[in-house]
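Structure record follows, encoded as structure tokens.
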Amino acid sequence: MQGASSGIGYGLKYQARCISDVKADTDHTTFLAGTLSLKEENEVHLIRLSSSGTELFCEGLFSHPNEIWDLVSCPFDQRIFSTVYSNGETYGAAIWQIPELYGELNSPQLEKITSLDGHAGKIKCILWWPSGRHDKLISIDEENLYLWSLDASKKTAQIQSQDSAGMPHKISGGAWDPHDVNSVAATFESSLQLWDVRAMGKTISIECSHVRSVDYHPKRKHVLVTAEHESGIHIWDLRKPKVPIQELPGHTHWTWIVKCNPEYDGVILSAGTDSTVNLWLVSLGNDDVSTESQTESPTHWVDPLINTYSDYEDSIYGLTWSSREPWIFASLSYDGRVVVESVKPFISKK
Amino acid sequence: MMGSDGDGDAPLLDDKAKRMRDLLSSFYAPNPSMLSHSPTASSKHSTPDDINSSSFDPNHYMNILVNNSNLEGLLKRHVDMAAEIKNLDTDLQMLVYENYNKFISATDTIKRMKSNILGMEGNMEYLLEKIMSVQSRSDSVNTSLFEKREHIEKLHRTCNLLRKVQFIYDLPDRLGKCIKSEAYADAVRFYTGAMPIFKAYGDSSFHDCKRASDEAIAIIVKNLQEKLFSDSEPIQVRAEAALLLKQLDFPVDNLKTKLLERLEHSLRDIQLKPEEIKNASPSAREVAILEFVEAIHAFRVIFPDSETQLVKIAKGLITRDFVITEEYVTTRICAADLLGVLRVIWNESLLMDEVLQDSALSDHFLEGAKAAVKLYVESAFSQLLLDISDCLLKILKRDETEEYSLETALDASTKLALQGGRNLLLDVCKILDDDSGIIDKLREPIIDWVQEGLQDFFRQLEDQFQSFSGKNNSSATQIHGLTEAAAFAGLVLVLAQLSAFIEQTAIPKINEELAVSFSAGPYEYGPAFVPGEISRKFRSAGDKFLQQYINIRTQRISLLQKKRFATPKWVKHKEPREVHMFVDLFLQELKVIVNEVKQVLPQDMRKHRRSNASSASSKSNSFREEKLLHRSNTQRARSQLLETHLAKLFKQKVEIFTKVEHTQESVVMTIVKLSLKSLQEFVRLQTFNRSGFQQIQLDMQFLRTPLREIVEDEAAMDFLLDEVIVAATERCLDPIPLESPILDKLIQAKLAKSLEENTSSS
């Protein structure tokens, strides 16, 4: 199971939690990673995979005023990205733009397009409109959801609507449904809550404990994957919210993040605090997922875990697939090491 | 002639004789073409130079001869040829002479025959005359005697008739006499003899006579019936009576059914009472059975054609016995009891088998016994299963019976699993060892059932375990009460150990037992009990349960930790005044776990070795720890952070996530490791001010001592505690650790306080 270390490494200077695929860059496989250092000058690294696919090099290095807890690249403009940051006491969120001609400048500064003010609590994440060029953004803090309308040219962002979770537990993260742009999922301590963006009202709620990460299946409607601290990974069909359609054991310690492959059906990546990245292959059956397929004879059961990447020194919090080359993923461990791996040898076998 | 040019003397001679014979026969034969067939056929293949063939060409032959032979050869050939020709001439002459002689003797014979035939005709005519006269005499005698003969015949017939009439007139009297002397057989014979006459003339001439004899016969029938029904009469007599009644056209079948009914009725009293069999005295039932067998015997003699019905009744009896036996079997009996019952039924069927030949009662018995034994084996297994699950479920009801600890539950259930299994096998062995011949034919099926039963038993046991562990799965720990959740964790732990025990001890032992006592029997498809498969199942189940236990426990701890870290504002934390209460809760939880684990899991045999191995690294840790405590200013703290990073790089990576083993140490260690790792993760999510950091430092420092008592791998534990502190340092805006005197003071205060609490509570 233990694959030989085939990954390509890249070191950030400080500890880090978040890495994002630059979806809008269609010419290169590029990632953005932000550091998390309380006391040092934080940085955003623009990392590019060489065309030969054997080397990672720094395409750009920008200083960021605070430690970065969340970073997402804008899906339609490769120069724009969002961060959630904290100075230790308070949290803030902002949309940034990488300056033009940054290669020629000595210490390029990020241009702040706008900051998303109005949050009171800990901001958890920013979600971009899932498909195509659109001005909508969602920011989630521990208690509230905000829908923003961004005007990049005027450098303003306005709150369109807002809803509070109104639950005893706090929101820990979220995902925007790529199949139904009116639906957003947010994770709570003991449940997964869906919102309808138009009315800013709650819709479905799924009971599951300690959800840490959620990701929609990019190809199948209604299917989403959650990662939970103690109980591993669950795959849900939103039409049958009572029971998960499949369970994966997850990690030895917390399962921190889970990502569905954008191209290959059933290929799921998870990373956890046991310093490993697991590659799963699950068969979700046909689109009309029935419970019968779950109760099939257990003799045909195959281990869904295809590979474990364990060449890490610390917990892994950052994980992303490359949308340009969907067999490539980048992982970021807490000690600031970016590792890019290819899952090709495992997928081609299937 | 068939032979080719001969190369020896013997074939030559043969050739010669043969040629002669052929020639002669062709000469005498009526159809020379037929005979000449074979020479021509052979001549076809012969060449003109063959002297024996009909297509012989002298010139050609000469040519070949001259060409092929030298002079000497030719001369020799010439001499040979001349000799041969001379020989042929003499032979020919001899033949002519012989024939001529034969011809002369034939003419002589013909002459003699002519003279003899002349005197014969006269003699013949004389003979004919004589015969004619004999015939006419005989005819005349015949006609003269004819009348007298007719007369005599007539008289004879009349006499017969008169005798018959006389017999019929005498019949009533005679019958009466027979009744008196009980010679019913004679009476019936007489009556049936007279029957045709009564039929013909009964209404006219012999009216009175017929009535009288009918009356007599009625009496006879009555007597015969009485005889038939009385059990006291000897069987032979009763059989005869039945036969006579049948001869009298009496509806015997009705009688038969009546008798059968009586027989069946008597059976109803013979109920099998398995409970009584233990009292070895010959019960009333046995006597009844003997009587029944007697009756069957009698019946069979009386009605020889009733066998099938009797067999049916006998089978019914055995079937009923087995129905009762099967009920009995399900009430937890031991093998001896079952054997007792089987023996009784077997004897019974043997008895009946003696009386009823070809009844295949023993087959019927075998079938019944088969079903009963099978049921016995099955119910024994299901009882065992029930016992074990009962035993386990008691854990969940622990609050009612306080005394029922995990240890006793585990003890009881392991004992049940092993001892119960072995007892069961021993019991079945008893059945197998029984030499009364009852189960001879059942031996192999029994072995099969036991094997199958074992397989099913373990499979079901595993299923049961799974369902137990799944019962309170998922979010149950939050829903149910605290005690219940704890009890459930205990159950899961017991399940884990029990599975391991079954895999490591029970299955091999039982398999051994199996090999000893159930080895006989060639299996068509291999033995049904596959210990490997079952072992594998239990191994994975055991691992799963252990993992589940750890999960349940760490989840509870994680809940504690979460509360601890979610509540305060760490950035605005006040200066630490004492070790936080959370540590107590954490330790308390660990204590419960240690307690549970100690009750259930075995100790690690290799503990000693491991602690030795870890001592070196723990030393380096304490060294590091000292440094950590004695640095005070910010600058130093920062360089120390770098140091720890470097240390981490060079130090052997501590294996935090190792495979869990079924030992106390391993499980406790795993839980502690996971909890400390969680702690680290929780810390990483926060941002601390100096006081917050110091609080964490204090708490972790305090934890070292009590944890050391619990865990086996101190190095890993120290490493993880350090990691928590390091994480806090990293997440601290102003990481200045507490001075070690203050740290010590606070820890001492806490220890004193907890000691005080302990004494006051105890």
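Efficiency by 1/(1 + (r/R0)^6): what FRET value for B:PHE56 and B:SER105, r their Cβ-Cβ distance, R0 = 41 Å, to the nearest 0.05?
0.60
Residue by residue, region B:366-373 carries 3J(HN,Hα) couplings of 4, 4, x, 4, 4, 4, 5, 5 Hz when phi is fed to the Karplus relation 6.51 cos²θ - 1.76 cosθ + 1.60 (θ = phi - 60°); x denotes Gly or Pro.
Normalised by the number of residues in region A:13-164, the mean separation of alpha-carbon contacts (under 8 Å, six or more apart) gives a relative contact order of 15 percent. Close amide H partners of A:HIS64, meaning residues 5 or more places away or on another chain with modelled amide H under 5 Å apart, are A:ASN42, A:GLU43, A:VAL44. In chain A, Cα pairs under 8 Å separated by at least six residues give a relative contact order of 14 percent.
Loop-resident trypsin sites (Lys or Arg not before Pro) (DSSP state other than H, G, I, E or B) in region A:109-188 with no more than 12 further Cβ atoms inside 10 Å of their Cβ: A:ARG133, A:LYS154.
For the set A:LYS23/A:LYS154; A:LYS242/B:LYS537; A:LYS23/B:LYS677, the pairs lying more than 32 angstrom apart at their alpha carbons are A:LYS23/B:LYS677.
About the centre of its Cα atoms, region A:202-258 shows a dipole size close to 380 debye [charges on the beta carbon of Lys, Arg (+1) and Asp, Glu (-1) only; nearest 20 debye]. Quick check on region A:114-203: take the gyration tensor over C-alpha atoms, sort the square-rooted eigenvalues as a ≥ b ≥ c, and tell me if it's rounded (a/c under 1.5), prolate or oblate. Oblate shape, in that a/c is at least 1.5 and b/c is the bigger or equal ratio. Compute the Rg/Rh shape ratio of region B:41-179: radius of gyration over Kirkwood radius, all on alpha-carbon atoms. Over the Cα atoms of region B:41-179, Rg/Rh equals 1.75. In sequence order, region B:418-431 has phi-based couplings of 7, 5, x, x, 5, 4, 4, 5, 4, 4, 5, 4, 4, 4 Hz under the Karplus curve 6.51 cos²θ - 1.76 cosθ + 1.60, θ = phi - 60°, and Gly or Pro positions carry x. Site pair B:ARG262 and A:SER190 shows an inter-label distance of 8.3 nm when each label is modelled 7 Å from Cα along Cα→Cβ. Near A:HIS210: Cβ cut-off under 11 Å, other residues only, Lys/Arg at +1 and Asp/Glu at -1. The net charge is -1.
A simple count of charges around A:ASP141, restricted to other residues whose Cβ falls under 13 Å of its Cβ and scoring Lys, Arg +1 and Asp, Glu -1, yields -2. What separates the Cα centres of region A:242-273 and region B:699-748 is a distance of 34 Å. Using protein chains only (no ligands, no nucleic acids) and a 1.4 Å probe, work out which residues of region A:165-209 have their accessible area cut by at least 30 Å² relative to the chain alone. Correct list: A:GLU189.
The simple Förster model, with R0 at 60 Å and r as the Cβ-Cβ distance, assigns A:PHE76 and B:LYS441 a FRET efficiency of 0.10.
Residues in region B:340-350 carry Karplus couplings, in order, of x, 4, 4, 4, 4, 5, 4, 4, 4, 5, 5 Hz; the curve used is 6.51 cos²θ - 1.76 cosθ + 1.60 with θ = phi - 60°, and Gly or Pro positions show x. Working from label points 7 Å from Cα in the Cα-to-Cβ sense, the B:MET124 to A:SER161 distance is 15.0 nm.
Here region B:578-600 is scanned for amide nitrogen atoms under 19 Å from the site 7 Å beyond the Cα of B:LYS745 along Cα-to-Cβ, giving B:578-580. For the residues of A:38-50, the average number of beta carbons from a partner chain within 10 Å of their own beta carbon is 1. For A:SER183, the residues whose amide H sits under 5 Å from its own are A:ASP177, A:VAL197, ignoring neighbours fewer than 5 places away on the same chain, with H placed 1.01 Å from N.
Counts of other chain beta carbons within 10 angstrom of each beta carbon in peptide B:723-729 average 1. Ligands, DNA and RNA left out, the 1.4 Å accessible surface of region A:13-164 is 43% carbon and sulfur atoms. Using every pair of separate Cα atoms, the Kirkwood estimate puts the hydrodynamic radius of region A:13-164 at 15.8 angstrom. Using a 1.4 Å probe on protein heavy atoms only, how many Å² of accessible area do B and A hide from each other, summed over both chains and rounded to 100? The contact between A and B buries close to 2500 Å². The slack in the chain from B:ASN423 to B:GLU513, taken as 0.36 nm per residue of separation less the alpha-carbon distance, amounts to 31.4 nm. Shape verdict for region A:1-62, please, from the Cα gyration tensor: rounded (a/c under 1.5), prolate (a/b greater than b/c) or oblate. Taking the square roots of the gyration eigenvalues as a ≥ b ≥ c, region A:1-62 is oblate. When the Cα gyration tensor is reduced to axis lengths a ≥ b ≥ c, the ratio a/c is 1.5 or higher for chain A, and with a/b not above b/c it is classed as oblate. A crude spin-label estimate for the pair B:GLN236 and A:GLU41, with each label 7 Å from Cα along the Cβ direction, gives 13.4 nm.
A probe of 1.4 angstrom, applied to the heavy atoms of all protein chains, finds B:CYS178 with accessible area near 10 square angstrom.
The values are calculated or read from the model by the stated rules, or taken from the named source; none is laboratory data. Note that the structure is a prediction, hence the values are computed from the model and not measured. Counting neighbours? That spans all protein chains shown, and the Cβs are built from the backbone with ideal geometry, glycine included. SASA here: full protein model, heavy atoms, side chains in, ligands and nucleic acids out. Shrake-Rupley method; radii C 1.70, N 1.55, O 1.52, S 1.80 Å.
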